[in-house]
Amino acid sequence: MRILLVSTQDYIHHPIPSRHHNIFEELATRHEIHVPHFHVSRGKERETRLHVHEATRFAVESPFLHYTLNAPCHYRVIRGIIRDYDIDVVVGAHVLAGTAMVRAAEKSGVPVVFDLKDWFPDSAAAYYKNPAVQWLLREGVLAVTRYNLNHSDVITTVSPGLVEKLHSYGYEAELITNGVNTDLFRPMDGGQMRSALGIAPDAFVLGFAGAVERWYALDEVIRALPEILARHGNAELLIVGGSLFTGYLDELRALAADLGVSRQVHFTGAVDYCDLPGYIAPMDLCLIPLSPPQWVDIALPNKYFEYSACGKPILSTPIPDMLRMGGGSIAVYREREEFIEKVDELAHNPGRTPAGVEEHSWKKKAEAFEKVFARLT
């Protein structure tokens, strides 16, 4: 089968692999897959099995400007791939480039699968603080998203909550959750990494791994650290990851300094994804401090699968779909005081680690997409 993927990211330079990297690299072992390249990131080039087609004329770093300025080029490249490579099915998960995709596919009579990996109107607005800008982006992205969904043959998405949200807008969607590479993410000893990061062997390590952006309230975690240290002098915080489009990481460094806890907070910055399990290994308690209320009911974070595959206890804000999946193995907090109380409890009794996630391997997610494609072709 010949497939065109229109990813949400710069497919070959984005530092963190998305669900599309994991699923479509697997599919590319048995299908011919093409992907346009949106050169908006500055990471090192990743290896890929996919056929990459340059689709960037103006390589500006601002995502909004990049996709707006390059929209005509995206349409020409996408239409050319569909025509020249006799594409059987198109899969996309983008806002503006998604519109180019559905229009080009429509002209060629090719079926479209729109894979909605989060609620784009809210995620687009999350990068900005100005309320007027947030409203404008939210309404504009909602209109474009609805156009894309209206012109798609099948909609897939990542969480039961997002299936329900789409239903409230009048759309039917199929659930294919995120997953994990169970060969890469597995329990391992963290002693060597503790030594490399300057973490004491007997420290109680709170940890976070992922994109360091404002939708994860890591500032609240750092604000709670002085009180945690008053109760547990051996507590340390490990934050693994970098900020992609904001200065949030620098804000967190400054906050730790202002609170006098810089020695107890370890920032690694961005790390290679293949090395991430090694950085999770020293963590005694893994955190998912998801903040925006509009995301909580639709979220099923990838880090849940990654932490679980590494056999780590999890402390999280309440995320309904994740709690239904993780059962009683996930501790929950709602505010800073409860966060401190839960850390206090778990420092003495870590509780059950999450159940295995073998059924959520990326290979099984790729097979689920193949079943969707088989119905359309």
*Among all residue pairs at least 6 apart or on different chains, which show Cβ distances below 9 Å where the first residue, located in the stretch 24-49, is without any contact (Cβ under 8 Å) to a residue 24 or more places away in the chain and the second is in a loop (DSSP other than H, G, I, E, B) and among the charged types (D, E, K, R)?*
ALA28/ARG49; THR29/ARG49
*Filter the stretch 129-178 for residues that are of a type in the set (A, V, I, L, M, F, W, C) and part of a strand (DSSP E or B); which is most open to solvent (accessible area, probe 1.4 Å)?*
LEU175
*asked:* Looking at LEU287, LEU276, LEU259 in this structure, which one is of a type in the set (A, V, I, L, M, F, W, C), open to solvent by less than 10 Å² (accessible area, probe 1.4 Å) and in contact (Cβ under 8 Å) with a residue 12 or more places away in the chain?
replied: LEU287
*Can you name the condition, by its number, that LEU27 falls short on among (1) open to solvent by 10 Å² or more (accessible area, probe 1.4 Å); (2) over 21 Å from LEU96 (Cβ atoms)?*
(1)
*Looking at this structure, is PHE114 outside any loop (DSSP other than H, G, I, E, B), among the aromatic types (Phe, Trp, Tyr) and within 23 Å of the chain's Cα centre (by Cα)?*
yes
_When you check GLY233 against the structure, is it part of a loop (DSSP other than H, G, I, E, B), more than 29 Å from TRP362 (Cβ to Cβ), free of Cβ contacts under 8 Å to residues at least 24 places away in the same chain and more than 17 Å from the chain's Cα centre (by Cα), yes or no?_
yes
*Only one of ARG186, ARG194 is assigned to a loop (DSSP other than H, G, I, E, B) and either at positive phi or touching a residue at least 60 places away in the same chain (Cβ under 8 Å) (or both); which?*
ARG186
*With a cut-off of at least 2 residues that are hydrophobic (A, V, I, L, M, F, W, C) and modelled with pLDDT of 95 or more, name the helices (runs of 4 or more DSSP H) lying wholly within the stretch 253-345.*
276-280
*Answer with yes or no whether ALA217 is of a type in the set (A, V, I, L, M) and surrounded by fewer than 20 Cβ atoms within 10 Å (Cβ to Cβ).*
yes
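The values are calculated or read from the model by the stated rules, or taken from the named source; none is laboratory data. None of the values given here were measured: they were computed from a predicted structure. Don't worry about glycine lacking a Cβ; one is built from the backbone with ideal geometry, like all the others, and counts go over all protein chains shown. Side chains included, ligands, DNA and RNA excluded: accessible areas come from the protein's heavy atoms. Shrake-Rupley method; radii C 1.70, N 1.55, O 1.52, S 1.80 Å.
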